[in-house]
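Colleague: My questions all concern the structure below.
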Amino acid sequence: MEPFSANSREIITAIVRDKVCPERMGFQEAFWQDTRREWENQGLPCDKSLHELFGLDILEIPGNMFDTSPFPGTRRIVDEDEETVTYRNGWGAVLREWKADRPGVPEHIDFELTSPRIWREKYREPLLGLDLNRFENVEDLKRSYRKSMESDLFCVYHNIHVYELMRTALGDIIMLESMCAEPEWIHDFCGVITDNIIRHLSWALDNIGRPDGVWFYDDLGYCQASFVSPELYRNLIFPYHKRVFDVVHDYGLPVIFHSCGRIRPLFEAIVETGIDCLQAIEVKAGQDVLEMAEFAKNRIAFMGNMDIRIFETNDLAAVDAAFIPRLNQIRDKRIPYIFHSDHSIPKSVRLETYRHVRHMFLSHCRY
Amino acid sequence: MNAIVREIAVCVERGKVDAKSPHPPDLKGREGADELTVKALHFGQSPQIILTEGLIAGMGVVGEKFRRNEIYLPDVLMSARAMTAAMNHIRPYFLSGDVQHKGKIVLGTVQGDLHDIGKKIVGMFFEGGGWNVIDLGVDAGMEKYLAAIDEHNPEAVGLSALLTTTMVNMEKITRAVKKKYPNVKVLIGGAPITEEYKNKIGADAYSPDPQGALEFLNSTLV
């Protein structure tokens with residue numbers, strides 16, 4: 001393997017911001033909370049970061065950005081047992097999730113924010129101003145920012161966006177029904193939340209510092225389809241995605257956008273929001289980076305689309321058979337690309353498998 | 001088909017809950033599934049006909065459109081809401097025996113998984129298809145399924161899982177159910193599930209969409 005002359009920041013900047021193919025593809029991954037512990041049992045050194053161990057290119061600047069709920073810091077435990085904890089969040093919603101580092105999505109138990117009236121009377125007003133208490137610890141964030149930026153990694157701020165926030169606040173059922181039954185409320189909700197995100201993100205960019213990019217998470221699809229129709233996305237979500245991304249671009253920074261699921265029906269609109277890179281491009285939801293890149297025509301870069309089910313076979317020959325031709329196709333088509341699974345790595349993937357993936361990548365990542 | 005019952009089917013299909021509901025915009029101000037069901041019962045329409053030719057027929061169209069990605073979850077949920085509004089008036093007739101469910105199905109998200117929305121939506125389609133749904137909630141283990149089968153004597157059980165790490169629990173539950181209750185059909189579904197996995201664990205049916213699961217129930221057990 002030949003060494004590469006460009007560092008991670010230069011590689012990812014070229015791919016994500018400039019949409020060009022530098023000397024190699026990028027390499028990045030998300031790991032479930034309990035994967036590292038499992039891998040330590042399999043011989044992973046405990047004293048090094050996954051970035052050091054696997055040469056990941058992108059660093060999410062450690063530390064919480066800002067709490068976007070109306071009543072930040074008011075999360076309270078209402079019940080717990082040996083395995084789970086039930087809590088009320090700053091939106092008055094009661095959710096249950098696994099304790100410790102066990103992965104999974106939370107159970108939706110109860111939601112207080114069920115109508116425009118409750119929104120207006122209790123939750124809207126606290127979201128209207130700049131509130132530095134939303135930042136858990138500004139000094140820690142500044143230290144974390146400085147330390148991160150001293151590295152050669154491509155450093156990002158990260159935050160969820162309006163759709164995920166709406167889901168946290170209203171729950172799936174009320175949110176999706178209200179998109180049909182109360183569209184004015186949804187517009188008002190998204191507008192207020194968007195302004196809130198912009199206010200606090202801008203403050204962070206001005207006062208903490210500018211990273212190399214900003215990474216937003218907003219799951220818009222599940223395995224079979226997008227949650228909402230392309231029309232509904234255009235009408236109710238698109239304007240708010242675009243507003244935030246425009247602000248990030250005004251700071252000269254690129255946007256990485258994460259969504260799970262089958263988002264192909266929304267893809268044209270998502271590209272039009274101005275994202276610079278799409279991640280994670282789930283194979284089991286029928287998403288194909290080659291087809292999407294053909295459609296997008298170098299307007300955006302891509303990260304992901306390596307089928308997690310292949311990783312989970314722990315069959316090294318199967319890994320090679322699936323991923324090497326894929327990397328070769330991506331190289332041949334000159335797609336600005338960052339290697340990543342199509343979601344994240346669970347503990348069922350063995351350390352030996354992931355080490356093999358990294359080795360395989362290094363042998364086939366040169367453009 | 002009676003005109004009112006046909007209108008109920010349209011209201012369910014379009015997600016028109018009641019006269020106050022602004023959705024869908026082109027039916028604003030018109031009576032919805034709620035009022036029309038009251039009216040139909042008042043005029044002596046058989047609740048079984050209302051259920052079969054109104055609610056089940058309407059939800060059947062919704063299921064087909066949803067399977068073809070012609071409509072999306074918000075539309076489905078509005079239809080389910082309209083169906084529920086009508087069903088609230090039909091429910092007493094289940095108790096009196098004037099209306100019969102097609103059968104019972106026990107549904108749950110398997111142990112280790114707290115994900116709820118997929119199972120809930122499938123349950124709505126089953127209910128809208130005329131099935132009595134017993135919902136075990138989330139994180140349901142083998143003992144919970146077996147106890148529910150013992151208590152409710154269902155024709156089928158449905159297992160849901162979101163994660164590859166939790167779908168493995170389907171195998172344990174499926175094998176236990178098939179061993180103790182060989183006549184109870186086991187349906188599985190969720191993001192990581194495939195037909196191949198269904199065959200591997202010995203389940204009876206897998207469908208990537210709710211309508212397919214409902215069709216399995218109707219064709220196999222009715």
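The values are calculated or read from the model by the stated rules, or taken from the named source; none is laboratory data. Bear in mind that the values here come from a model prediction, so they are computed numbers and not experimental data. Don't worry about glycine lacking a Cβ; one is built from the backbone with ideal geometry, like all the others, and counts go over all protein chains shown. Areas reflect the complete protein model, heavy atoms only, side chains present, ligands, DNA and RNA absent. Shrake-Rupley method; radii C 1.70, N 1.55, O 1.52, S 1.80 Å.
Colleague: Tell me, please, whether a residue that is over 30 Å from B:Gly32 (Cβ atoms), open to solvent by 10 Å² or more (accessible area, probe 1.4 Å), part of a helix (DSSP H, G or I) and of a type outside the set (Gly, Ala, Ser) can be found in the stretch B:121-143.
Modeller: yes
Colleague: Would you pick out the residues in the stretch B:125-162 that are under 13 Å from the mean Cα position of the chain (by Cα), touching a residue at least 60 places away in the same chain (Cβ under 8 Å) and away from chain A (no Cβ under 14 Å)?
Modeller: B:Phe126, B:Gly128, B:Gly129, B:Gly130, B:Trp131, B:Ala156
Colleague: Which one of the conditions (1) more than 19 Å from A:Ser178 (Cβ to Cβ); (2) open to solvent by less than 10 Å² (accessible area, probe 1.4 Å); (3) within 14 Å of chain B (Cβ to nearest Cβ); (4) touching a Pro at 6+ places or on another chain (Cβ under 8 Å) does A:Cys223 fail to meet, given that it meets all the rest?
Modeller: (2)
Colleague: Being small (Gly, Ala, Ser) and in contact with a helix residue (DSSP H, G or I) (Cβ under 8 Å, 6 or more places away or on another chain) is the filter; apply it to the stretch A:90-114 and report the residue that is farthest from the other protein chains (Cβ to nearest Cβ).
Modeller: A:Gly92
Colleague: Find the residue count for the stretch A:270-302, including only residues that are more than 14 Å from chain B (Cβ to nearest Cβ) and crowded, with 17+ Cβ neighbours inside 10 Å.
Modeller: 17
Colleague: Give the number of residues within the stretch B:173-219 that are free of Cβ contacts under 8 Å to residues at least 60 places away in the same chain and either part of a helix (DSSP H, G or I) or open to solvent by 60 Å² or more (accessible area, probe 1.4 Å) (or both).
Modeller: Summing the residues that are free of Cβ contacts under 8 Å to residues at least 60 places away in the same chain and either part of a helix (DSSP H, G or I) or open to solvent by 60 Å² or more (accessible area, probe 1.4 Å) (or both) in the stretch B:173-219 gives 20.
Colleague: Starting from residues that are under 30 Å from A:Ile237 (Cβ atoms) and of a type in the set (Lys, Arg), keep the ones in the stretch B:68-105 and report whichever is surrounded by the most Cβ atoms within 10 Å (Cβ to Cβ).
Modeller: Per the criteria, the residue is B:Arg81.
Colleague: Please report, ordered by residue number, the strands (runs of 3 or more DSSP E) entirely within the stretch A:9-117 with at least 2 residues that are aliphatic (A, V, I, L, M), surrounded by fewer than 19 Cβ atoms within 10 Å (Cβ to Cβ) and modelled with pLDDT of 95 or more.
Modeller: The qualifying strands (runs of 3 or more DSSP E) are A:76-80.
Colleague: Would you confirm whether or not the stretch A:132-151 contains a residue that is outside any helix (DSSP H, G or I), open to solvent by less than 80 Å² (accessible area, probe 1.4 Å) and either within 30 Å of A:Ala14 (Cα to Cα) or within 13 Å of chain B (Cβ to nearest Cβ) (or both)?
Modeller: yes
Colleague: Given (1) aliphatic (A, V, I, L, M); (2) away from every other protein chain (no Cβ under 14 Å); (3) in contact with a Phe, Trp or Tyr (Cβ under 7 Å, 6 or more places away or on another chain), where does A:Met166 come up short, assuming only one miss?
Modeller: Condition (2) is where A:Met166 drops out.
Colleague: Looking only at the stretch A:201-220, which residues are open to solvent by 40 Å² or more (accessible area, probe 1.4 Å) and either part of a loop (DSSP other than H, G, I, E, B) or free of Cβ contacts under 8 Å to residues at least 12 places away in the same chain (or both)?
Modeller: A:Asp206, A:Arg210
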